[in-house]
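Before any comments, here is the structure.
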Amino acid sequence: MTDVSAVRSTVGWRRAGAAGLVFRAAGDADIAFLSRLYASTRLEELAVTDWSEAQKAAFLGMQFQAQHAHYHKHYPQADWLVVSHAGQDIGRLYIERWPSQHRIIDIALLPAHRRKGHGTALLRDLIDEAWLAGKYVSIHVEKNNPARGLYLELGFAVVEDKGVYDLMACAPDGGWAAAANP
C-alpha cells in the first residue's frame, strides 16, 4: 500500500521531475531491491577482502538488516522512498522532517545511475524544500564517501565530527551554529 503523504512530500520537486525521477513509498515488496541497492554501495569496500561471494553476500545481508532496523527505530516518522527512472527502481531516499531541519537519513543510487545528475537534482530539491520552510538540511556522511564533494559543492559544511562520519548541514543563511545545535 502506498503512503500518499510520503509521495506528496516530493510534489513540486522540479529538478527531480525534469530528470525523470519518480517516487513511491517503500514497502515490504521492496526489501530485496533495497538490500541489493545497499550491497551496491559497499562493493568497493569488500573487493579488498579475501571473502568468498557467499561470505560477502551473507555479510551484506546482515548489515542491510541491521541498518534497516536501526533507521526505522531511530527515525520513526521518516519518508521511506524508492526512486524510479524510466519505470525502473534506481535508488532510495530516506528523509525525516523535523521542526528545525530536514534530515537526510540515506540517499543511494544504483551504480549505473550515479554521476548522471540524479543525486544533484534530488539534493537541490531537498534543499529548496527545507529552505522554503525556513529549515536547514543535514546528513551524516562517511569521511571517505565519494559523494562528499557533491555535498560541499552544494553548500553543505561539516558541523560536527562524528568519527567515521561527519554531520554536514546546508543552512539557508550559512548559519552553521544553528545547524550544529538542532
Study note, to complete from the structure: Flagged in the stretch 84-94 as out of contact with any helix residue (DSSP H, G or I) (no Cβ under 7 Å at 6 or more places or on another chain) and not polar (S, T, N, Q), in numbering order, are 86, 87
**Study point:** Residue under evaluation residue 88, criteria (1) under 23 Å from residue 24 (Cβ atoms); (2) at pLDDT below 90, criterion not met
**Key:** (2)
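Do you know which of the residues in the stretch 76-96 that are within 13 Å of the chain's Cα centre (by Cα) and of a type outside the set (A, V, I, L, M, F, W, C) is nearest to residue 135 (Cα to Cα)?
If we filter the stretch 76-96 for residues that are within 13 Å of the chain's Cα centre (by Cα), which is where we start, we get 78-83, 90-96.
Then drop every residue that is not of a type outside the set (A, V, I, L, M, F, W, C), which leaves 79, 91-92, 94, 96.
Details: 79: 17, 91: 25, 92: 22, 94: 17, 96: 12 Å.
So, considering only residues that are within 13 Å of the chain's Cα centre (by Cα) and of a type outside the set (A, V, I, L, M, F, W, C), the one nearest to residue 135 (Cα to Cα) is 96.
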Review point. Which of the residues spanning the stretch 158-182 are of a type in the set (Gly, Ala, Ser), modelled with pLDDT of 80 or more and surrounded by fewer than 16 Cβ atoms within 10 Å (Cβ to Cβ)?
Key: 163
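The values are calculated or read from the model by the stated rules, or taken from the named source; none is laboratory data. No experiment lies behind these values; they were computed from the predicted model shown. Glycine gets a Cβ as well: all are built from the backbone with ideal geometry, and neighbour counts include every protein chain shown.
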